[in-house]
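Working notes for the structure below.
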Amino acid sequence: MIKYKKKLILVITLFGILGCNAHYFVKYPDESITVPVALKKNVKIAYVGFVPFRSFVSGVSGRTTTYTAVLDKSKRLSLSETIAKPAHALKSNGIRNDVPKEKVQKFISDYLTIVKKSGTEELIHIVEPVKDGKKTEDGKDSYTAYLRNLDVDYIVVGALSPAFEDMNFALAFPHLFSTLFSMVTLGIFPSFQWGNAAIDVKVYDKNLNQVWQKEYDASYTVLRALWISSYPKECSERLSCMVKQREAVPGFVYRDLLPQVESDVSNFVTSN
């Protein structure tokens, strides 16, 4: 009888936890934001990036589990095409030999420093690797990156960070405490989660000179409880936004800030 009571308590507890809704409180554009101004006639802008991460288990050794985060292109955040066109949709007319290789390399480094190795696939739409006739230390062909001739006036690069949800003690401890209390109350008392996130936006001219930059605060708070409404729509399905170990920051955390990015970029381009 005691055994069945324990199982019943476990089932009720799990139901209370797994049955909780998740509501994300995210950042929104400034109240003073205006409708993006019309760009100057014939001004062309390409954008690359604005891609969130996905995480997966990449290795298990004994009791140690390794998680890896890579860009998830299927969740790309799209800017309005009245402002900019995605670089992957533009046709390249060869390469730009007039842009110094050092400048191209810095452009690559600036982006990969934030998003790491998986961002290479994104940059292929802007730069093209060309064999330079040399060999690497391990005997493989060496390549030099050149800027693609996309016939645009500006290139906008958006880097989302961090890859994983925060794990620092200052944020993790109150989250753990509230989660345990929520379990005891079967989801009546909400669990709290806080996360830091940012969008780093850089604008380059057609010669890869960086002409503008701004970092947008995309920090967020999550409440999970039986009685709270789900937000955004991605969290409406049961278990879709439950707490997971080493989870990547969801893309929708950044999404509501895109109108602010579009407004700022269009205002900058129009004023120059």
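Return yes when residue 92 is in a loop (DSSP other than H, G, I, E, B), surrounded by 11 or more Cβ atoms within 10 Å (Cβ to Cβ) and touching a strand residue (DSSP E or B) at 6+ places or on another chain (Cβ under 6 Å) and no when it is not.
Yes: the conditions hold for residue 92.
Rundown of residues vs (1) in a loop (DSSP other than H, G, I, E, B); (2) surrounded by fewer than 19 Cβ atoms within 10 Å (Cβ to Cβ); (3) modelled with pLDDT under 80, yes/no style:
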| site | (1), (2), (3) |
| --- | --- |
| 229 | yes, yes, no |
| 237 | yes, yes, yes |
| 243 | yes, yes, yes |
| 246 | yes, yes, yes |
| 250 | yes, no, no |
| 262 | no, no, no |
| 266 | no, no, no |
| 269 | no, no, no |
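Taking residue 137 as the residue in question, decide whether it is in a loop (DSSP other than H, G, I, E, B), surrounded by fewer than 16 Cβ atoms within 10 Å (Cβ to Cβ) and under 20 Å from the mean Cα position of the chain (by Cα).
Details: in a loop (DSSP other than H, G, I, E, B): yes; surrounded by fewer than 16 Cβ atoms within 10 Å (Cβ to Cβ): yes; under 20 Å from the mean Cα position of the chain (by Cα): no.
In short, no.
Among residues belonging to the stretch 204-230 that are of a type in the set (Asp, Glu) and under 20 Å from the mean Cα position of the chain (by Cα), point out the one that is nearest to residue 148 (Cα to Cα).
Here is the first cut: in the stretch 204-230, the residues of a type in the set (Asp, Glu) are 205, 215, 217.
Subset that is under 20 Å from the mean Cα position of the chain (by Cα): 215, 217.
Details: 215: 26, 217: 31 Å.
So, considering only residues that are of a type in the set (Asp, Glu) and under 20 Å from the mean Cα position of the chain (by Cα), the one nearest to residue 148 (Cα to Cα) is 215.
From the set of residues in the stretch 51-69 that are touching a Phe, Trp or Tyr at 6+ places or on another chain (Cβ under 8 Å) and modelled with pLDDT of 85 or more, which is farthest from residue 260 (Cα to Cα)?
Initial filter on the stretch 51-69 (touching a Phe, Trp or Tyr at 6+ places or on another chain (Cβ under 8 Å)): 52-53, 55-58, 67-69.
Checking which are modelled with pLDDT of 85 or more leaves us with 52-53.
Numbers: 52: 18, 53: 21 Å.
Looking at residues that are touching a Phe, Trp or Tyr at 6+ places or on another chain (Cβ under 8 Å) and modelled with pLDDT of 85 or more, I get 53.
Determine if the stretch 122-144 includes at least one residue that is without any contact (Cβ under 8 Å) to a residue 24 or more places away in the chain and within 25 Å of residue 197 (Cα to Cα). Spell out the reasoning first.
Looking only at the stretch 122-144, we keep the residues that are without any contact (Cβ under 8 Å) to a residue 24 or more places away in the chain, and these are 124, 127, 129, 131-143.
Still in the running and within 25 Å of residue 197 (Cα to Cα): none.
No, because not a single residue in the stretch 122-144 is without any contact (Cβ under 8 Å) to a residue 24 or more places away in the chain and within 25 Å of residue 197 (Cα to Cα).
Which number in (1) part of a strand (DSSP E or B); (2) under 17 Å from the mean Cα position of the chain (by Cα); (3) small (Gly, Ala, Ser) marks the one condition that residue 74 misses?
Condition not satisfied by residue 74: (1).
The values are calculated or read from the model by the stated rules, or taken from the named source; none is laboratory data. Note that the structure is a prediction, hence the values are computed from the model and not measured. Glycine also receives a Cβ, built like all others from the backbone with ideal geometry; neighbour counts cover every protein chain displayed.
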